[in-house]
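One structure is given below, represented as structure tokens, and several questions about it will come after.
Values in this text are rule-based calculations from the coordinates and carry no lab data. A quick note: this is a predicted structure, and the numbers were derived from the prediction, not measured. Here the Cβ positions follow ideal geometry from the backbone for every residue, glycine too, while neighbour counts run over all protein chains shown.
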Amino acid sequence: MMTVDQYLKNILLKKAINFDYNTIIEQLKPYIIQWSNGYIKDIFYAGSSAKKTAIKGRSDCDIFISIKHSCPYSIKEIFYNLINFFERYSVRKQNVSVGLKVNGNDVDLVPGKLQPGNTNYHWLYKSKNDTCIQTNVKMQIKNICNSGRTEFIKLAKIWRDCHGLDIFPSVNVELTVLEALKYQQNLSYYDGFIKILFYFRDHLKNARLIDIGNSNNIISDDMTAWEKLRVAECARKCLLSEDWNNIIW
């Protein structure tokens, strides 16, 4: 009889990403360079693909575009100029990114304007509330990659998608899992996943999730109280279920 640990491991294998995103970045790079008019500092993978928490059928290819501080345009102007330039790719305006469809793949371009000095801190534009935020994307990537929790984060994302909880953003999932498993060692898939569900149920509504790249950027504020309660209620129901096929699949 299959153990729960083996069941969860099989789900991770089933949802593993086997696609090489390098072909996409190489295809878009000449256009990004043309658009930037000489103000590109760097282009690199960000988001789930860079953090090693991507899952099949969900994760976009996130490409971060670092714009030099010397660029005369504001980050808001840069954001909307990027949208106008890539109209050929069925562009989608998102909160901090510009969504494209490239060869059937979802791609998110995230423009950031470097702050002065020898730093990796950038300004990002949040179209949702027309504000700018400061953050360090490379620090965020390193924080997740070195956490030792990437497999548990993937399980939490798969669980979220199974239950249609699109209200639970990936960055919130990542930071919540880190909080749920803080100080825990040598966890099996089962033990870790159960602890995560208990945390969602009992603590998500009051959890204060802080951007490691900017302590003034409270990630948990991106979800409403109702959205947090909906995730908590789903976790509660799953903890009461004895059928793992109805919990995560």
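Pairs of alpha-carbon atoms within less than 8 angstrom and 6+ residues apart define the contacts here; what relative contact order does the chain have, in percent?
16
Now for a separate question. In debye, nearest 20: dipole of the stretch 35-174 around its Cα centre with unit charges on the Cβ of K, R (+) and D, E (-)?
For this selection, approximately 180 debye.
Which Cα, out of W244, V231, F86, lies furthest along the positive dipole direction of the chain (beta carbon charges, K/R +1, D/E -1)?
Value: F86.
Within 10 Å of each residue's Cβ, count the other Cβ atoms and sort T176, T224, T23 from fewest upward.
Details: T176 25, T224 10, T23 13.
By the 10 Å Cβ count, ascending, the order reads T224, T23, T176.
Could you tell me whether the stretch 136-202 comes out rounded, prolate or oblate from its Cα gyration tensor? Rule is a ≥ b ≥ c as square roots of the eigenvalues, rounded for a/c under 1.5, then prolate if a/b exceeds b/c, otherwise oblate. Don't skip to the answer; put the middle values down first.
Numbers: a/c = 1.81, a/b = 1.09, b/c = 1.66.
It comes out oblate by the Cα gyration axes.
Where both residues lie in the chain, what percent of DSSP beta bridges are antiparallel, nearest 5? The partial results should precede the final answer.
Values: 22 of 29 bridges.
Beta bridges within the chain, antiparallel portion: roughly 75 percent.
Kindly put F86, F198 in sequence by how many other C-beta atoms sit within 10 Å of each C-beta, fewest to most.
Least crowded to most crowded, the residues run F198, F86.
Which one, A207, Q185, I32, is farthest towards the positive end of the dipole of the chain when Lys and Arg carry +1 and Asp and Glu -1 on their Cβ?
So the residue furthest toward the plus end is I32.
Is the stretch 147-246 best put as rounded, prolate or oblate by its Cα gyration tensor, with a ≥ b ≥ c the root eigenvalues, rounded for a/c under 1.5, and otherwise prolate when a/b is larger than b/c, oblate when not?
Note, shape of the stretch 147-246 comes out oblate.
Quick one: grab the alpha carbon gyration tensor of the stretch 1-117, order the square roots of its eigenvalues as a ≥ b ≥ c, and give me rounded if a/c is under 1.5, else prolate or oblate depending on whether a/b is larger than b/c.
Prolate, because a/c is 1.5 or more and a/b exceeds b/c.
Give the distance, in whole Å, between the Cα centre of the stretch 61-138 and the Cα centre of the stretch 148-168.
Spelled out, the Cα-based centre of one part sits 25 Å from the other.
Determine the dipole magnitude for the stretch 147-246: charges of +1 sit on the beta-carbon of Lys and Arg, -1 on that of Asp and Glu, nothing else is charged, the reference point is the Cα centre, and the result goes in debye to the nearest 20.
160
Given 0.36 nm per residue, what is the gain on full extension from N146 to L240 after removing their alpha carbon distance, in nm? Walk me through the numbers on the way to the answer.
Working: separation 94, 0.36 × 94 = 33.84 nm, distance 3.27 nm.
So the chain would gain 30.6 nm between N146 and L240.
Would you mind counting up the charge near N84? Only other residues with Cβ under 15 Å from its Cβ, with Lys and Arg at +1 and Asp and Glu at -1.
+2
With +1 on each Lys and Arg Cβ and -1 on each Asp and Glu Cβ, and nothing else charged, work out how big the dipole of the chain is about its Cα centre, in Debye to the nearest 20.
Magnitude of the dipole: close to 140 debye.
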